[in-house]
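First up is the structure itself, then whatever we jot down about it.
The values are calculated or read from the model by the stated rules, or taken from the named source; none is laboratory data. These numbers come from a predicted model, not from an experiment. Note that each Cβ is placed from the backbone with ideal geometry, even for glycine, and that neighbours are counted across all protein chains shown.
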């Protein structure tokens, strides 16, 4: 495969907290334009994985190449620059309660190493909110938003710098089934519009079915199985089919 198409490559990733081994020789390869869903039970290490990818946690061993660059060899300035190409949607959307929606979206641009004019910032904020159907909420406070609206604002903030890689941490957690499906459709629409590549951390089989080009089953800290939704659903391995037991 042409290496220029590889957005993310993880090799032999290990991470432990004391005697608790969370990731144990984990491997992953994400190709341009692809969605990979990492499927695992609660506490299996899914969130630790994406925090390692973005540099919020330092792994004990292994390599993480993003856009061909080893994230573990970068100084803070270089890491900050490459992070501008990575969008990270936190599980709880991580909005600042003391800031309006507008201010929440402006915040990552204030910290951005590329200077933007006030007009450029305004245009990016409005475009991002329009993308998620919430331009009318621009002056609202997070406390005034529903769970689905908060998630949409989180996605808008994630996409505001036009990232090439998006990391979604449990994008539908805490949402009702209808709102969950709306969020999933929004993710797919924005992927199509901006040609992004994504790693989606989830235990929600409907998210996996609707978004994944490929699914990785994270078990015992490693890439236990890999394939499409339909391929894995047909598996006779009880460690795999337990995820599909109640899937439609």
Practice item. List the number of the failed condition for residue 129; all other conditions in (1) surrounded by 21 or more Cβ atoms within 10 Å (Cβ to Cβ); (2) in a loop (DSSP other than H, G, I, E, B) hold. Key: (2)
Exercise for review: From 95, 89, grab the single residue that is more than 22 Å from residue 226 (Cα to Cα), crowded, with 17+ Cβ neighbours inside 10 Å, touching a residue at least 40 places away in the same chain (Cβ under 8 Å) and under 14 Å from the mean Cα position of the chain (by Cα).
Suggested key: 89
Exercise for review: Please state which one of 70, 75, 63 is loosely packed, with under 14 Cβ neighbours inside 10 Å, farther than 30 Å from residue 175 by Cα and touching a strand residue (DSSP E or B) at 6+ places or on another chain (Cβ under 9 Å).
Suggested key: 70
Study note, to complete from the structure: Checking 49, 8, 79 in turn, the sole residue that is assigned to a helix (DSSP H, G or I), within 16 Å of residue 226 (Cβ to Cβ) and within 20 Å of the chain's Cα centre (by Cα) turns out to be 49
Review point. Could you count how many residues in the range 13-46 are touching a residue at least 40 places away in the same chain (Cβ under 8 Å), in a loop (DSSP other than H, G, I, E, B) and over 14 Å from residue 216 (Cα atoms)?
Key: 3
Practice item. State yes or no: is residue 57 at pLDDT 90 or above, surrounded by fewer than 18 Cβ atoms within 10 Å (Cβ to Cβ) and either more than 14 Å from the chain's Cα centre (by Cα) or farther than 28 Å from residue 172 by Cα (or both)? Key: yes
**Study point:** Positions within the range 101-120 being surrounded by 13 or more Cβ atoms within 10 Å (Cβ to Cβ), within 17 Å of residue 154 (Cα to Cα) and in contact with a helix residue (DSSP H, G or I) (Cβ under 9 Å, 6 or more places away or on another chain), in sequence order
**Key:** 101, 102, 104, 105, 106, 107, 108, 109
Exercise for review: Working only within the range 40-71, note down all residues that are within 24 Å of residue 206 (Cβ to Cβ) and touching a helix residue (DSSP H, G or I) at 6+ places or on another chain (Cβ under 6 Å).
Suggested key: 40
Exercise for review: Would you be able to say whether some residue in the range 1-10 is within 17 Å of residue 217 (Cα to Cα) and without any contact (Cβ under 8 Å) to a residue 12 or more places away in the chain?
Suggested key: no
Exercise for review: Kindly indicate whether any position in the range 66-74 is in contact (Cβ under 8 Å) with a residue 24 or more places away in the chain and either over 22 Å from residue 164 (Cβ atoms) or assigned to a strand (DSSP E or B) (or both).
Suggested key: yes
